[in-house]
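Report on one structure; see the data block that follows.
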Amino acid sequence: MEMKKFILCALSFFCALTASAQDQTENPERKHLIGLQLGNAFVNGDFNASAFEDDYPAFARNGLLLTGVYRYSMSRYVAAGTSVAYRHNRFGMDAFVQPDDELVTAKNSEAWRSVFTMADVYFTVPVQEVGEVYLAGSAGAAFNRSASWQIQTVHGEVRMPSDQATALALGWGSGININVYPLVINAEARLLYTKPEFTVLNALGTPFQHSQSMNTFNISLGAFYRF
């Protein structure tokens with residue numbers, strides 16, 4: 001009789017231990033999050049200017065944003081991390097030069113480009129058995145390259161060389177993380193702000209300093225791994 005009780009107790013303990021170990025395997029405390037986001041960067045403000053009345057219209061087009069993200073959960077509601085993003089916005093050559101312009105014999109351009117290195121803070125609200133929603137704020141630096149273009153006409157060549165400038169970068173937005181064990185699927189909307197000062201040429205070919213807003217509204221989808 002005592003042996004049966006011992007065996008039953010041992011089996012009960014073993015089952016409880018197995019269940020506990022399985023629960024820890026399936027639902028461990030995972031504070032680190034790493035992954036990639038890919039999305040569209042929609043130009044706005046002066047970065048969307050395409051009127052020749054402006055001193056230096058950007059003629060930027062909607063483009064691509066690729067972001068690598070690392071995040072650490074400091075508590076249930078607060079997280080911090082870092083991100084590196086590459087943004088690519090083409091130069092709107094067809095808006096700058098009409099395609100049927102008979103004086104133009106050849107034309108080409110290089111895009112507006114930025115690399116962002118940011119420190120990020122997240123305020124999260126867990127959604128039970130689904131994931132979380134969050135607000136995010138970011139600050140850091142943007143390494144920017146202005147668009148360049150060359151136009152060959154029957155009267156000669158006109159060109160605008162590119163320039164590079166580093167500037168303060170800010171970002172803010174919101175998103176949602178959906179748990180798809182062991183991955184996390186992410187959807188995010190975010191604004192990115194930077195205003196570098198480039199050396200550009202005026203209509204007479206004289207260089208001057210121009211502060212160019214390079215602001216975009218970004219919508220991204222991502223896949224993260226939590227560990």
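Within segment 170-210, restricting attention to residues that are outside any strand (DSSP E or B) and under 25 Å from Phe96 (Cβ atoms), which residue is most open to solvent (accessible area, probe 1.4 Å)? Per the stated criteria, the residue is Leu204. The residue of segment 139-159 that is nearest to the chain's Cα centre (by Cα), among those that are open to solvent by 10 Å² or more (accessible area, probe 1.4 Å) and among the hydroxyl-bearing types (Ser, Thr, Tyr), is Ser148.
In this structure, does Ala95 turn out to be without any contact (Cβ under 8 Å) to a residue 24 or more places away in the chain and open to solvent by less than 70 Å² (accessible area, probe 1.4 Å)? In short, no.
Do you know which residues across segment 102-133 are farther than 23 Å from Leu192 by Cβ and surrounded by 13 or more Cβ atoms within 10 Å (Cβ to Cβ)?
Of the residues in segment 102-133, the ones farther than 23 Å from Leu192 by Cβ are 102-108, 125-131.
The answer is Val104, Lys107, Pro126, Val127, Gly131.
Restricting attention to segment 211-221, the residues being in a strand (DSSP E or B), open to solvent by 10 Å² or more (accessible area, probe 1.4 Å) and in contact (Cβ under 8 Å) with a residue 40 or more places away in the chain number 4. When Ala136, Ala79, Ala85 are checked against the criterion of being touching an Asp or Glu at 6+ places or on another chain (Cβ under 7 Å) and open to solvent by less than 60 Å² (accessible area, probe 1.4 Å), a single residue qualifies: Ala136. Contact map, segment 36-62: first residue open to solvent by less than 40 Å² (accessible area, probe 1.4 Å), second residue assigned to a helix (DSSP H, G or I) and not charged (D, E, K, R), Cβ cut-off under 7 Å, separation 6 or more or different chains; pairs are Ala58/Phe47; Phe59/Ala95; Phe59/Phe96; Ala60/Phe47; Ala60/Asn48. Examine segment 151-161 for a residue that is modelled with pLDDT of 95 or more, farther than 26 Å from Ile34 by Cα and touching a helix residue (DSSP H, G or I) at 6+ places or on another chain (Cβ under 9 Å), and state whether such a residue exists. Looking for residues that are modelled with pLDDT of 95 or more, farther than 26 Å from Ile34 by Cα and touching a helix residue (DSSP H, G or I) at 6+ places or on another chain (Cβ under 9 Å), one finds none in segment 151-161, hence no. If the condition is being surrounded by 13 or more Cβ atoms within 10 Å (Cβ to Cβ) and not acidic (Asp, Glu), then segment 160-169 contributes Met160, Pro161, Ser162, Ala165, Thr166, Ala167, Ala169.
The values are calculated or read from the model by the stated rules, or taken from the named source; none is laboratory data. None of these values were measured; they are calculated from a predicted model. Please note: Cβ atoms are built from the backbone with ideal geometry, for glycine as well, and neighbour counts cover all protein chains shown. Each accessible area value is taken on the protein alone, full model and side chains, heavy atoms only, with ligands, DNA and RNA left out. Shrake-Rupley method; radii C 1.70, N 1.55, O 1.52, S 1.80 Å.
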